[in-house]
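One structure is given below, encoded as structure tokens.
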Amino acid sequence: MNPRLLVLPAAALLALTACGSTSTASDASSGGTPEGALVVATTVSPLTSIVAAVGGDKVDIQGIVPEGVNSHTFEPAPQDAELLSKADIIFVNGLKLEDPTLALAEANMKDGAEIVELGTIALPESEYIYDFSFPKEEGKPNPHLWTDPTYAVEYADLVRQKLSERDPANAAEYQANFEAFKVEADKLAEAVRTDQASVPDGQLKLVTYHDAYAYFAKNFGWTVVGAIQPSSFDEPTPAEVGALIEQIRTEGVPTIFGSEVFPSPVLEAIAAETGVRYEDSLRDDDLPGEPGSPSTPCWSSCATTTAR
Ligand SMILES: [Zn+2]
């Protein structure tokens, strides 16, 4: 079997989030948008990317969670309050991913501003997924909807609706941007489905560093065998490592997916111990490129981007 086949779905997902503005709160004064443009704050970089794809150059978009930072344990800095106080719209994932930032936003938002929880709107509670990294007893569902292109489109549509409502003069542009995004995301979903059809039966199994593929796996027919990062986001205990090694052997997992952003010597050691291929050139919660690098809209070419 061609080993690339197992890599492509993750690479394709990467491509979906690999574009768009990744500005941070530190460049809150950056120009380039029209006078009077909506000021839009976002949290994690995939959300910033989706909002940038729809808003284009008509809105002033500022991402709060810096790249290379664990979004699940992120605590906003005091200066983020200033950005949140200026924002007209604050797009967050919700599903309890960014509670500290949400609290800061609620405490500082100006009159007329609004918070839109994209994931909370997109996902009915009956479809929440709880798992080893997001156990039900802790009350936080797995929040990673955006690694599934179909949910990314839903997010983009919600962004389109909200931007059009607040800025009707540019509604046609937001609609066009959304449609362009949808075309690329649909192509990506189709490419993943076509590609994964060539993976031998029973081998659509995911072992990852971070447990970010629950909804993708459900909709695309993959089985999430495990993730090395426990619910505490600390390093796993020896017992947890032992259990995962056992699972990998029992399930016959062909590849373990690490993360370029969060190198994991533990995952590497597990791969060595089990003799399974270790692929750590991909990313999930974060975007490629230098942190804070200028926006490089590439929606027309995103679907053909491959892993670096
Ligand atoms: Zn995550």
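Remarks
- When D131, D186 are compared by accessible area of protein heavy atoms, the largest-first order is D186, D131, using a 1.4 Å probe.
- Nonpolar atom fraction for the stretch 129-169, defined as the carbon and sulfur part of the 1.4 Å probe accessible area, stands at 50 percent.
- A 1.4 Å probe run over the protein chains yields, for the stretch 141-227, 38 Å² of accessible area per residue, whole-number rounding.
- Comparing Cα centroids, the stretch 149-207 and the stretch 232-254 end up 32 angstrom apart.
- The separation of the stretch 88-118 from the stretch 50-84, counted between C-alpha centres, amounts to 11 Å.
- Student exercise, the stretch 122-231 dipole from Lys, Arg, Asp, Glu Cβ charges, in Debye to nearest 20: 120 debye
- When the alpha carbon gyration tensor of the stretch 11-191 is reduced to an equivalent ellipsoid, its three semi-axes come out at 23, 21, 15 angstrom, largest first.
- Dipole-positive endmost among S164, P200, Q229 within the stretch 163-234 (Cβ charges, Cα centre): P200
- Taking one quarter of the surface of the convex hull spanned by the alpha-carbon atoms of the stretch 201-279 gives a direction-averaged projected area of 5.1 nm².
- Area of R193 that stays accessible when all protein chains are in place (1.4 Å probe, Å², to 10): 110 Å²
- Filter on K96/K218; K86/K136; K110/K187; K58/K110 - keep pairs with C-alpha separation over 29 Å: K86/K136; K110/K187
- FRET efficiency, A172 to D111 (Cβ-Cβ, R0 22 Å, nearest 0.05): 0.20
- With every protein chain in place and a 1.4 angstrom probe, the accessible-area ranking of K96, K110, K218, largest first, reads K218, K96, K110.
- Relative contact order of the stretch 201-279, defined on C-alpha pairs under 8 angstrom at six or more residues apart (%): 32 percent
- Exposure check, 1.4 Å probe, all protein chains in place: S232 carries approximately 60 Å² of accessible surface.
The values are calculated or read from the model by the stated rules, or taken from the named source; none is laboratory data. Just so you know, these numbers come straight off a predicted model, no measurement behind them. A quick note on method: Cβ atoms are made from the backbone with ideal geometry, for glycine too, and the neighbour counts reach across all protein chains shown. Remember, those area values only see protein heavy atoms, side chains included, never the ligands or the DNA or RNA. Shrake-Rupley method; radii C 1.70, N 1.55, O 1.52, S 1.80 Å.
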